[in-house]
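Right, one structure below, let's go through it.
The values are calculated or read from the model by the stated rules, or taken from the named source; none is laboratory data. The shown structure was predicted, so the numbers you read here are calculated from the model rather than taken from an experiment. Please note: Cβ atoms are built from the backbone with ideal geometry, for glycine as well, and neighbour counts cover all protein chains shown. Remember, those area values only see protein heavy atoms, side chains included, never the ligands or the DNA or RNA. Shrake-Rupley method; radii C 1.70, N 1.55, O 1.52, S 1.80 Å.
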Amino acid sequence: PLGPFLAKNFATSISPWIVLPEALAPFRVPQSPRPAGDPPPLPYLLDADDQRHGAFDIELEVLLMTPCLAAAALAPHRLSIGSARHLYWTVAQLVAHHASNGCNLRPGDLFGTGTISAPTPDGYGSLLEISQGGKAPVTLATGNTRTFLEDGDEVIIRARARRDGAAPIGFGEVRGVVLPA
C-alpha cells in the first residue's frame, strides 16, 4: 500500500498497448463520490467539469497463475474484476497534484494511480485487501492458498473498455512473475 506515484518504482510492468485519450472519450464517466467523512479536495484539485466527465470506465481484471495451477494445467485464478471508474482521483487531478510543486512531467513518463479498488470484495484491487491483510487466504482450484504472492507466482492484468454504441477497446494484458530473491 504505497499510494499513488510511490509504487511505480517497485516491480512495475507495463502493457505494450498505447491508447490515445481520444479513443477513450466514449468511456468517460462521472468521478465516483468520495467516501463519507473524507475531506474534499483542495480547490486547485477540484473542477466541476472534471468531476462530471473525468473518470474512465475501463474494466480491469486481475488473475493469478501459480506453479501449482500451471502444473495441474488449470486456468489462472481470478482475483478481481473492477473498473478504473473507482479511482480516488481523476487523471486531471493526478496531473495537477504531480505538477503543482514544480515536478516535471514528460511524454512517456509512467504515472502511478495507486490501487484501484471497487467498493465490493470482488473488485478489491490488491491481494492485501482481498486476503484482509493475510487473515483470509484465497483458495485456489488445487486447494492451495495464497495470502501474499510467492516465488513463481504470475500476476496477469487485463483491461478493456466496452459500452453500447462504441467500439470496444482492448488494452492487451500485462504479466509479471515473482522471481526468487
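Annotations
- Normalised per residue, the accessible area of the chain is 61 Å², obtained with a 1.4 Å probe and no contribution from ligands, DNA or RNA.
- Estimated FRET transfer efficiency (residue 74, residue 126; beta-carbon r; R0 22 Å; 0.05): 0.45
- Cα centroid separation - segment 8-61 against segment 93-150, whole Å: 14
- When you filter the chymotrypsin sites (Phe, Trp or Tyr not before Pro) in segment 111-181 for DSSP loop state and at most 14 other Cβ atoms inside 10 Å of their Cβ, you are left with 111, 148.
- For a modelled paramagnetic label at residue 14, 7 Å from Cα along Cα-to-Cβ, the residues of segment 156-181 in reach, with backbone nitrogen under 17 Å, are 157-159, 171-176.
- Couplings 3J(HN,Hα) for segment 103-116, derived from phi with the Karplus relation 6.51 cos²θ - 1.76 cosθ + 1.60 (θ = phi - 60°), are 5, 6, 9, 10, x, x, 5, 6, 10, x, 9, x, 5, 9 Hz, where x marks Gly and Pro.
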